[in-house]
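The values are calculated or read from the model by the stated rules, or taken from the named source; none is laboratory data. Please read all numbers here as calculations on a predicted model, not as lab measurements. A quick note on method: Cβ atoms are made from the backbone with ideal geometry, for glycine too, and the neighbour counts reach across all protein chains shown.
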Amino acid sequence: MRWRVLVPIVVAVAVTGGVAGYALDVGSPPAGADVLGPGEVSVQLGIEHSRFSFDRLWVRPGTTVRFQVRNTDPIAHELIIGDDEVHRRHITGIEALHSPVPGEMSVGPHETGLTTYSFDEPGTVLFACHLPGHLGYGMKGVVVVTATDAR
Amino acid sequence: MSPYRVVVSLIVVTVILFGTGPPAWACGGLVGSNGSIQLVKTTTLAAFHEGVQRYVTSFEFSGEGEELGSIVPLPAVPTEVERGGDWTLQRLAREVAPAQPEAFVDASAQATAAAGARVLLETEIDALDITVLEGGGDEVGEWAVANGFSLTPDAPEVLDFYAERSPIFMAAKFDASRAAELGQTSGDGTPIMLTIPTDEPWVPLRILGLGLGADQVVEADVFLLTDDRPDLLPGGPGLTLQRSEAASKPLLADLRSDRGMEWVPGGMWLSYLQLEAPAGDLDYDLAISTTDGRPPSAVDAGIEGLGDAGQIVDGQGGALWPVGAGVGTSIALGMGIAVMVWRRRAVRPEELAI
C-alpha cells in the first residue's frame, strides 16, 4: 500500500525536477556564455557535415541578430527561424529555395548567406534546416531570449 | 609465397535495409534524384592477387525510370573497369547458402557524385554510366549534386571519412533509356569488375548506413577469399564470422570458369561474415591483412584508437576477440616501439649540433 503512494510521488517529483532542470538549462546561459544584445548584433553560424556550429544562443529581449551563415558542405542547407507555425509550414512545405526574408534563407553548397531576425519576447525560438532528413539528422538549435536582467 | 601472392576476395551480398528512407548498400551509398529511393540488394566482390585488387559489384536496375546512382569508396585508382563475370557473385553466395539458391539476388546501386572532382575514367557498361573520381569529400559531393543527385545529410561526413583515407570513388548510375533499349527490367543486375593495384584491401561498411536513421539495422553478407587465413580488424561490433575454412575445389573451379576470373588460384581460404548493426553504430570498416607479420590497419578499419575496435564473433559461439586483441596488441607494441625510437632519436646530441 505504501508503495502505491510513494511511487507516484517519487515519479512526480522526478518529472517536476526534470522539467525544472530543463527549463533552467534552457533559460539560463552557462557561466562564461555571452548574452547578446539588446540592439543589433552579428553572429556567424557555420554549417559543416550537416550540423550547425552551435545549437544554442542567448540574447536579451529587443535584439536583432544578423545571422551570417557559412555552408562548407557540398550540399544545400537552409536556416529557418521562427515559431511553431513557421516551422510547421516549412516541414510540410515543398519550396526548394527560400527567398531571403527575415528568418528564412537557403544557402547553397559552399555559399554564405545573411538573414536577420528580431527577438523581442523572453522564451525560446527554434532554428532548423527543414530540407528532407536534415532536421532528423540534428540540424536544429534554439535561441534563448533571456529575461531582461540576465547578464 | 610472396607477400603479394595473396588473393583476397570480398563479396558483400544481400544488404537488407529495414524501414524506409534513403538506402545504403554493401559497397556504396545510394542516392536518387528525389532522395527516397529504395535499395534492394547488392553484391560485391573484391579480389586481391599479386598486388592487384579486383573489385566486382553488381548493380540492379530498379525499373523506376528515374536516374539512380551510387558511389563506391575505392582503395586506389583502378586501371580498368569492365563488365564482370556472369555468375561469380551468385556462385559465392550459393556456396554459403546452398539450400536457397534464390537468396543471392544481387545488387543494385545508385549513387552520388560530384563537381570539382577529377574524373579519372568514364565508361559505359550496359545501361550503367561509370565514372571514377578523385577528390575530397566536398569535391565528390559537389560532383554528385552537379550531376543531379540529392545527397542525404550524412553524406558530407561519410564522404570525408573515406576521402581522408583514399580520394578515389566510383560513381555509377543507370541510364533508364539505355536500359529500356537493352530490354532490362526491374531487378536485372549488371556486374562490374574493377582492377585496382593496391596492397591493402579493406571492406567499406560505414557507407552501408548512408541515409539511414540511427536505429535502422543494416545487414550484409561479406565473403572473403584469401590464399591463407586472413587477419581481420573490424572497426566496431556487429560482424559475425559464419564460415572460416578452405574453399572447396568446386567453388574455385566455378569461379575460375567465369569471365575475367581466370586469376583464381587452386587453393584459397573462405571466410564468410555477416554484418548486423544499427546504422548509428556503423561508423567503421573492415581492415584485412593477408601478409604475415603485418597486422590490419586501424586506419583502414576506420578507427583512430584501438579502444574503438570491435569484435568479430564466431558464428559457432567462439569469439574472435583474441585475433583482434593480438592485432591490436601488435599495433600498440609497434607504435610504442616507434615512439621509443623516435624519442631516442630526438635526444641524440649529435643531431642537435649545428
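Assorted remarks:
- Hits in the range A:32-55 - residues which are assigned to a strand (DSSP E or B), surrounded by fewer than 16 Cβ atoms within 10 Å (Cβ to Cβ) and charged (D, E, K, R): A:E40, A:E48
- Scanning the range B:126-162 for residues that are out of contact with any strand residue (DSSP E or B) (no Cβ under 8 Å at 6 or more places or on another chain) and not in a helix (DSSP H, G or I) yields B:G136, B:G148, B:P153, B:D154.
- Yes/no for B:S150 being within 14 Å of chain A (Cβ to nearest Cβ), surrounded by fewer than 24 Cβ atoms within 10 Å (Cβ to Cβ) and modelled with pLDDT under 85: yes
- So A:V107, is it touching a residue at least 60 places away in the same chain (Cβ under 8 Å) and more than 15 Å from the chain's Cα centre (by Cα): yes
- Here the range B:102-130 is the region considered, the condition is being hydroxyl-bearing (S, T, Y) and at pLDDT below 90, and the residue that is farthest from B:A146 (Cα to Cα) is B:S108.
- Residue list for the range B:186-219, restricted to those being more than 22 Å from B:D258 (Cβ to Cβ) and in a strand (DSSP E or B): B:W202, B:V217, B:V218, B:E219
- Those residues of the range B:136-147 which are more than 7 Å from every other protein chain (Cβ to nearest Cβ) and either without any contact (Cβ under 8 Å) to a residue 40 or more places away in the chain or over 18 Å from B:L208 (Cβ atoms) (or both), in sequence order: B:G136, B:G137, B:E139, B:W143, B:A146, B:N147
- Hey, B:A176 buried (at least 17 other Cβ atoms within 10 Å of the Cβ) and under 15 Å from B:L282 (Cβ atoms) or not: no
- Residue count for the range B:255-296, restricted to those that are modelled with pLDDT of 85 or more, acidic (D, E), part of a loop (DSSP other than H, G, I, E, B) and surrounded by fewer than 19 Cβ atoms within 10 Å (Cβ to Cβ): 2
- Going through (1) under 17 Å from B:E80 (Cβ atoms); (2) in contact with a strand residue (DSSP E or B) (Cβ under 6 Å, 6 or more places away or on another chain); (3) away from chain A (no Cβ under 14 Å) one by one, B:F169 falls short only on (3).
Residue by residue, here is whether (1) among the acidic types (D, E); (2) within 14 Å of another protein chain (Cβ to nearest Cβ) holds:
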residue	(1), (2)
A:S42	no, no
A:E48	yes, yes
A:R60	no, no
A:Q68	no, no
A:N71	no, yes
A:E78	yes, yes
A:I81	no, no
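- Test for B:Q242: is it outside any loop (DSSP other than H, G, I, E, B), in contact (Cβ under 8 Å) with a residue 24 or more places away in the chain, closer than 30 Å to B:D154 by Cα and in contact with an Asp or Glu (Cβ under 9 Å, 6 or more places away or on another chain): no
- Leading residue by the ranking (modelled with the lowest pLDDT) among those in the range B:174-224 that are under 26 Å from B:L121 (Cα atoms) and within 14 Å of another protein chain (Cβ to nearest Cβ): B:L210
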